[in-house]
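One structure below.
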Amino acid sequence: MVGALAALAVLAGCAQQSGDAAAGGIYRFFNSDRNPEMETLESTVQFAVVDPSRAMVNAPQALVVLERNLGVAVEQRIVLPNNTAVRGDNVLLVRAQTQRSAELTRLDFDEIATRFGGLPTPFERLTESSLRSGSDSLGSYVYATESAGPSTVCVLVLRRIGVGARPLPSGTQALDVVMRNCVNGSVDEALSPMSDRALAVGGAQGTIYTLSPHAAPRS
């Protein structure tokens, strides 16, 4: 009896994931940002602390690296030092994307904001039209700046690193990176963890951390 119930639970879970994947395809056909499969995983899979050497981007100042495997994507939160009076963490949010986890032909501002859990302080009222654009050897990116005092500046940066720009984690087609960074200094200093120099390699030692996004989700 117990075995039968366990089998039914597994089948129900598989049916739920299959239904979510199918629904996601329908939503995308109608140009909707909804992705029920990812929404289910994001609400159930927890982050775990991992060694800084596992970071998908080079962040030598990282205080902690958190990771979760969403099955169709791998996500990391890399917490950076915040030496300002601005509330909230300075953070790099990195997601290794696949065709099932994201719309790879465009980087959608609203979808990124949702993945970030809402826009962080002091960018809560930021709109897509307020973003500036920049580019470097890894490609283009968009960003916004906010002055938080006479010598404090905050930046919010969004970029997608595609195949060919740098080695990507195994089985993925893009690396989406979002950063909020507030510093007592200049805009260039605030942007530096998101520069091509920093993102061209992965890991604390400059190595590329290869991992499969198709492994079973883990907490």
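Odds and ends about this structure:
- Members of segment 73-100 that are among the basic types (Lys, Arg), within 22 Å of Ser151 (Cβ to Cβ) and buried (at least 18 other Cβ atoms within 10 Å of the Cβ): none
- Listed by first and then second residue, the pairs with beta-carbon distance under 7 Å, at least 6 apart or on different chains, first residue in segment 80-102 and closer than 19 Å to Ile112 by Cα and in contact (Cβ under 8 Å) with a residue 24 or more places away in the chain, second open to solvent by less than 100 Å² (accessible area, probe 1.4 Å) and hydroxyl-bearing (Ser, Thr, Tyr), are Gly88/Thr121; Ala96/Thr172; Gln97/Thr172; Thr98/Thr172.
- Test result for Glu103, open to solvent by less than 20 Å² (accessible area, probe 1.4 Å), closer than 19 Å to Glu39 by Cβ and either touching a Cys at 6+ places or on another chain (Cβ under 8 Å) or of a type outside the set (A, V, I, L, M, F, W, C) (or both): no
- Ala23 vs. criteria under 17 Å from Glu111 (Cβ atoms), surrounded by 18 or more Cβ atoms within 10 Å (Cβ to Cβ) and modelled with pLDDT under 90: no
- When segment 123-150 is filtered for residues that are touching a residue at least 40 places away in the same chain (Cβ under 8 Å), closer than 21 Å to Asn184 by Cα and open to solvent by 40 Å² or more (accessible area, probe 1.4 Å), only Ala148 remains.
The values are calculated or read from the model by the stated rules, or taken from the named source; none is laboratory data. Computed from a prediction, not measured in an experiment: that's the story for all the values here. Note that we place each Cβ from the backbone using ideal geometry, even for glycine, and neighbour counts take in every protein chain shown. Note: accessible area is taken over every heavy atom of the protein model, side chains too, but ligands, DNA and RNA are not part of it. Shrake-Rupley method; radii C 1.70, N 1.55, O 1.52, S 1.80 Å.
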